[in-house]
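Below is one structure, written out as structure tokens; the observations come after it.
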Amino acid sequence: MSTMEERLAALEAQVATLTERLTATPPTPPAPEGSFWALDGLKQRLPADGTGAVLYTGSVRVADQHYDWQYGRTVDDLLAADWTELASTLSALAHPVRLRLLREVLGGRQSTSELAEIEELGTTGQLHHHLRQITAAGWLRSAGRGRYAVPAERVVPLLAILTAAAR
């Protein structure tokens, strides 16, 4: 009987070890060397006694266009600004059809006739309403003859907002 008890005890110990391994939270690996190079560069440029800054940057290629962009503001400037002035710019993005339009225009569908072919975007009247909204907010510009483009200075900021919203 002692061998049966020994074998049972050994099995219980193995099950306990396996259970511990499966339920243990894996340690967070350290960030690879140089993974915060943009942040490190920003910190080097900031005064030591300041409240900090926010920087976004990007290098983007979409629909055979290349955009390089970088923008930053100090925390003091951001907190002192009137955020209510940004409501119309942000609310223009707060509609699924408008987000879809921006994605389609960035992807190369830039004419109203190409956009009108997409059934999910609604009637042509609805399409023009949404195009007016995002154009008025500065996310689109008219490129003439019923064509639209996302202004170069808005491509990376738009993608940065989408990145932040996806987190």
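Could you work out what % of the accessible surface of the chain is carbon and sulfur, using a 1.4 angstrom probe and leaving DNA, RNA and ligands out of the count?
Carbon-and-sulfur percentage of accessible area, whole number: 56.
Would you kindly state how much longer the chain becomes between Ser111 and Ala136 on full extension, computed as 0.36 nm times their sequence separation minus their alpha carbon distance, in nm to one decimal? Mind dumping the intermediate values first?
On the way: separation 25, 0.36 × 25 = 9.00 nm, distance 1.74 nm.
Contour length minus Cα-Cα distance gives 7.3 nm.
Residues of the chain: accessible area per residue at 1.4 Å, in Å²?
Details: 12350 Å² over 167 residues.
Averaged over the residues of the chain, the accessible area is 74 Å².
Compute the helix-to-body angle for 152-166: its Cα long axis versus the longest principal axis of the chain, expressed 0 to 90° and rounded to tens.
So the inclination is approximately 30 degrees.
For Cα pairs less than 8 Å apart in space and 6+ apart in sequence, what is the mean separation divided by the residue count of the chain, i.e. the relative contact order in percent?
Computed value for the chain: 17 percent relative contact order.
If each DSSP helix of 4+ residues adds -39,500 (n - 2.57) and the sum is divided by the residues in the chain, what number results at 222 nm, nearest 500 deg cm²/dmol?
-15500 deg cm²/dmol
Residue by residue, what Karplus-based ³J(HN,Hα) values in Hz, rounded to whole numbers, does region 105-111 have, using 6.51, -1.76 and 1.60 with θ = phi - 60° and x for Gly and Pro?
My calculation for region 105-111 gives 5, 4, x, x, 7, 10, 9 Hz in order.
Calculate the spin-label point distance for Gln65 paired with Trp37, positioning each point 7 Å from the Cα along the beta-carbon direction, and give it in nanometres.
Taking the simple label geometry, Trp37 and Gln65 are separated by 2.7 nm.
Out of Pro151, Ile161, Ala38, whose Cα points farthest toward the positive end of the dipole of the chain (charges: +1 Lys, Arg; -1 Asp, Glu; placed on Cβ)?
Farthest along the dipole direction, towards plus: Pro151.
Just checking my list (1) 32, 22, 16; (2) 49, 27, 16; (3) 26, 22, 15 against semi-axes √(5λ) of the Cα gyration tensor in Å computed from this structure; which label fits?
Checked against the structure: label (2).
Which percent of the Cα-Cα distances in region 78-138 go past 13 Å?
Counting pairs separated by more than 13 Å, the tail of P(r) holds 63 percent.
Modelled label-to-label distance, Thr74 and Gln14, 7 Å Cα→beta-carbon offset: nm?
6.6
Using 0.36 nm per residue, how much length does the chain from Thr51 to Ser2 gain when fully extended, once their Cα-Cα distance is taken away?
10.7 nm
Taking H placed 1.01 Å from N in the peptide plane, check which residues at least 5 places from Leu140 or on another chain put their amide H under 5 Å from its amide H.
Thr135
To the nearest 20 debye, what charge dipole does the chain have about its Cα centre, counting +1 at the Cβ of each Lys and Arg and -1 at the Cβ of each Asp and Glu?
760
The values are calculated or read from the model by the stated rules, or taken from the named source; none is laboratory data. Quick caveat, the model's predicted, so the values are computed rather than measured. Neighbour counts run over all protein chains shown; Cβ positions are idealised from the backbone, glycine included. Accessible surface is based on the protein model in full, side chains and every heavy atom, while ligands, DNA and RNA are left aside. Shrake-Rupley method; radii C 1.70, N 1.55, O 1.52, S 1.80 Å.
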